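Accompanying notes for the structure given below.
The values are calculated or read from the model by the stated rules, or taken from the named source; none is laboratory data. All of these numbers come straight from a predicted model, not from anything done at the bench. Ideal geometry is used to build each Cβ from the backbone, glycine not excepted, and the neighbour counts take in all protein chains shown.
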Amino acid sequence: MTPSVVHLHLAINHSPLYAELFPFVLLVTALVKRNRTLGTAALVVAIIAAFCAGAAFYTGDGAAATIDKSPPIPGVDKTMIKEHDLAAGFMLTAACITGGLALISLIVGWRRGERLRWLDVLIAVAILWSVSVAGRTAFLGGRIHHPEVRAVSSSQ
């Protein structure tokens, strides 16, 4: 792996968090306003979020391998990588479950002519869960390179 994998991972590693947060806001708004178009957009973005999580996860493997083989880097705590990697795997699972549910809702809606409201509510809850998992993963990732996060988290 080349250092460019590290840069790629750093460039896209925030996308899963925001790609999950955005459809949550859209879907809740769609459910409240009973707006099918907005709900459909939210479900499509939830599916895209699963791909973002996959991209961040798979570039993270290459980034971890590159950092692991490198000499010590000032400000980088290599011991934090494993915990972040485990959380990233859980994030990928959460995003895929949420994206899968969104895909099911879109297919059911297409076949029936309307989506199941209870399924969209379930998906909103699943997206909120994915947002919390993404937030924790981002926090643990921040601890790798940001000493100010390590200082706050170590006092708890």
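Of the residues that make up the stretch 126-145, is at least one at pLDDT below 95, surrounded by fewer than 21 Cβ atoms within 10 Å (Cβ to Cβ) and not in a helix (DSSP H, G or I)?
Within the stretch 126-145 (the criterion being at pLDDT below 95, surrounded by fewer than 21 Cβ atoms within 10 Å (Cβ to Cβ) and not in a helix (DSSP H, G or I)), the answer is no, since none of the residues qualifies.
Could you tell me which numbered condition residue 94 fails, if it satisfies all but one of (1) at pLDDT below 95; (2) touching a Ser or Thr at 6+ places or on another chain (Cβ under 7 Å)?
(1)
In the stretch 31-49, how many are under 18 Å from residue 114 (Cβ atoms) and surrounded by 22 or more Cβ atoms within 10 Å (Cβ to Cβ)?
3
Sort out which residues of the stretch 2-24 are farther than 21 Å from residue 69 by Cα and not β-branched (Val, Ile, Thr), and write them in order of number.
14, 15, 16, 17, 18, 19, 20, 21, 22, 23, 24
Being without any contact (Cβ under 8 Å) to a residue 40 or more places away in the chain and of a type outside the set (Gly, Ala, Ser) is the filter here, so list the residues in the stretch 79-91 that pass it.
Selection gives 79, 82, 85, 86.
As an exercise: evaluate residue 11 against (1) surrounded by fewer than 16 Cβ atoms within 10 Å (Cβ to Cβ); (2) among the aliphatic types (A, V, I, L, M); (3) farther than 28 Å from residue 78 by Cβ and give the number of the one condition it does not meet.
(3)
Acidic (Asp, Glu), over 26 Å from residue 127 (Cα atoms) and surrounded by fewer than 17 Cβ atoms within 10 Å (Cβ to Cβ): does that describe residue 61?
No: the conditions fail for residue 61.
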